[in-house]
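These notes concern the structure reproduced below.
The values are calculated or read from the model by the stated rules, or taken from the named source; none is laboratory data. Computed from a predicted model, the values in this text were never measured in an experiment. Note: ideal-geometry Cβ built from the backbone for every residue, glycine included; neighbour counts use all protein chains shown.
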Amino acid sequence: MEYNISRGLSVQAVVEYERMVLFGVHTCDLAGIQCLNMVFSRRPKDYNYLIRKNKIDIIGLECNDYCDEFASCNLVNANMPSGGYDLFFTDMGDYFIVHINTQVGDQIIDSTKLFERADRSHLRELVTLREHKRTLFRNEVSVEPREIPELFDKTFESEVWKRLDEKCLACGNCTNVCPTCYCFDVIDEVNLELKGGRKYRKWDSCQLEPFARVAGGENFRKERAARQRHRYYRKFRYPVPIYSRFFCTGCGRCSRTCMAGIRLKDTLNALVEEGITKVWKKWL
Amino acid sequence: MKKPKVAFFDFACCEGCQLQIANFGEALFDILGMIDVVEFREVMSEKWNGQLDIAFVEGSITDFHAEERIRQIRERAAILIAYGSCAAIGGVNGMKNTFDLEEIRKYVYGPEYHFFATEKTKAIPQVVKTDYVITGCPVYPPEILVVIKAALQGTSCSPPDYPVCVECKLNENVCMYDRGVACLGPVTRAGCNSWCINNGNICYGCRGMISNPNERGAREVLEKHNIPLPFVVNKMNLYNKCRE
């Protein structure tokens with residue numbers, strides 16, 4: 001938003017967008033974009049996001065195997081394509097199979113004239129590839145997804161979070177790379193003449209010391225343990241009743257980037273070890 | 001609106017932070033359009049003994065003369081800004097505090113050392129009430145603008161209380177630890193837009209430590225990368241010796 005007070009108050013909403021194509025988006029990130037779409041479509045709708053999103057076309061790319069040991073996409077069911085793209089490419093070795101999901105995708109196929117119609121043998125090969133994938137991708141954590149929300153309810157006071165307190169440097173890297181972290185701060189930037197300026201959003205992170213600090217100096221999550229716990233709950237507990245899904249897409253980036261060596265899979269496994277016996281769902 | 005009277009003063013420092021203002025380039029004209037500089041020995045010979053709207057104070061307090069002088073400046077100034085690491089956190093002058101005062105005095109001033117008074121190095125906020133703090137060695141020019149604007153508007157403004165890593169990651173730098181180099185980013189206050197790392201250098205911690213650094217976690221990271229602790233502590237002491 002831009003404002004000026006030199007002649008009365010004038011306020012101008014600013015929407016920044018450009019037409020672009022995201023190419024080669026893997027299923028974890030497609031899931032991430034789907035999460036963000038849900039968040040920003042809730043009322044009050046975020047028109048900046050929605051306008052920008054409408055100008056972006058997405059071409060997905062299937063993972064035929066794990067990218068590395070940090071990924072946990074099977075746990076959150078994000079290793080297979082489930083929409084959220086215009087076109088989706090699967091590498092079949094000698095050729096690609098492309099799934100057309102939207103009208104935009106159809107137009108790309110039509111106008112490039114690079115594609116042929118797939119016949120039955122191709123589709124059979126795709127089925128074989130997916131079946132093979134089911135043997136490669138196994139639940140990376142020793143817990144059933146349906147047990148996770150209750151597991152989190154039972155481990156709020158767990159020792160696991162205290163251990164994270166000792167390790168975490170509160171650098172915010174895990175949230176900076178997370179495809180579903182969307183928190184921001186609002187900055188007021190006035191011009192030097194103090195007659196106008198702009199109000200804009202800036203990335204913020206729940207891992208940073210001042211994030212939950214309020215007027216008067218009270219900080220609701222002063223301990224790093226509380227902040228890390230909050231991050232995990234924001235992925236595995238809080239979104240479940242609102243959006244009926246986890247907000248972890250299993251991309252593994254938070255684990256990959258953490259210099260303190262906090263690994264999502266390890267944290268979940270530690271919670272399971274400590275709390276799974278308290279989870280009733282396990283017996284239902 | 002009458003232009004606020006602004007003066008620059010210096011104590012124990014290299015005055016390099018004041019040169020950052022002179023180095024501003026075009027933005028300097030905009031700044032001068034907003035303020036009336038009445039004393040600034042790096043760029044002008046005029047002096048000013050009257051009341052001040054804003055006093056920029058560079059350097060740290062290292063003897064009783066300095067302490068007296070900063071108190072006088074404080075009395076004359078409506079707003080006092082601790083300017084640069086030496087003023088804000090003690091900076092490199094703080095290294096003196098590592099040694100016994102008498103011993104270091106002898107070492108520096110020789111046999112006639114008793115003519116030269118000295119005290120433990122203190123940052124400006126440790127001596128007088130400070131309204132704004134601009135840390136950094138040297139200060140980061142965009143941050144000066146932010147603080148000047150806040151001072152002119154009378155709004156609050158303090159350097160971010162999270163580590164340099166935050167900005168560094170947003171700038172898409174490869175982590176120095178992944179390159180096998182020890183860097184103070186994880187415990188140092190951000191606000192410089194990871195200036196040094198963007199340019200291929202490590203973070204020297206010049207902006208001072210964050211309020212709640214995870215020393216145990218940092219130690220674990222060092223162990224993982226086989227970096228001896230004293231090596232990093234030495235680096236840390238370069239700027240952080242005045243920390244209480």
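Here is a yes/no grid of residues against (1) in contact with a strand residue (DSSP E or B) (Cβ under 6 Å, 6 or more places away or on another chain); (2) outside any strand (DSSP E or B); (3) basic (Lys, Arg):
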| residue | (1), (2), (3) |
| --- | --- |
| B:Phe24 | no, yes, no |
| B:Leu32 | no, yes, no |
| B:Val37 | yes, no, no |
| B:Lys47 | yes, yes, yes |
| B:Ala55 | yes, no, no |
| B:His65 | no, yes, no |
| B:Glu68 | no, yes, no |
| B:Ala87 | yes, yes, no |
| B:Val92 | no, yes, no |
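Listed conditions (1) surrounded by fewer than 21 Cβ atoms within 10 Å (Cβ to Cβ); (2) within 14 Å of chain B (Cβ to nearest Cβ); (3) more than 21 Å from the chain's Cα centre (by Cα); (4) not aliphatic (A, V, I, L, M) are all met by A:Glu274, apart from (2).
Scanning the stretch B:189-244 for residues that are of a type in the set (Lys, Arg) and within 14 Å of the chain's Cα centre (by Cα) returns B:Arg189, B:Arg207, B:Lys241, B:Arg243. One residue alone among B:Ala82, B:Ala55 is more than 14 Å from every other protein chain (Cβ to nearest Cβ), closer than 15 Å to B:Val128 by Cβ and either of a type in the set (Lys, Arg) or touching a Leu at 6+ places or on another chain (Cβ under 6 Å) (or both), and that residue is B:Ala55. Just one of the listed residues (A:Ala260, A:Ala226, A:Ala212) is among the hydrophobic types (A, V, I, L, M, F, W, C) and in contact with a strand residue (DSSP E or B) (Cβ under 6 Å, 6 or more places away or on another chain), and it is A:Ala212. Do we find that B:Asn193 is at the interface with chain A (Cβ under 10 Å from one of its Cβ atoms) and modelled with pLDDT of 90 or more in this structure? Spelling it out, it is not the case that B:Asn193 is at the interface with chain A (Cβ under 10 Å from one of its Cβ atoms) and modelled with pLDDT of 90 or more.
Entry remark, the stretch A:202-225: residues being under 25 Å from B:Gly154 (Cα atoms) and surrounded by 12 or more Cβ atoms within 10 Å (Cβ to Cβ) number 7 in total. Highlighted here are the helices (runs of 4 or more DSSP H) found entirely within the stretch A:115-231 that include at least 3 residues which are within 13 Å of chain B (Cβ to nearest Cβ): A:159-167, A:173-177. Of the residues making up the stretch B:11-60, those that are in contact with a helix residue (DSSP H, G or I) (Cβ under 7 Å, 6 or more places away or on another chain) and of a type in the set (D, E, K, R) are B:Glu42, B:Glu58. When B:Phe8 is tested against the conditions (1) within 14 Å of another protein chain (Cβ to nearest Cβ); (2) in contact with a helix residue (DSSP H, G or I) (Cβ under 6 Å, 6 or more places away or on another chain), the lone failure is (1).
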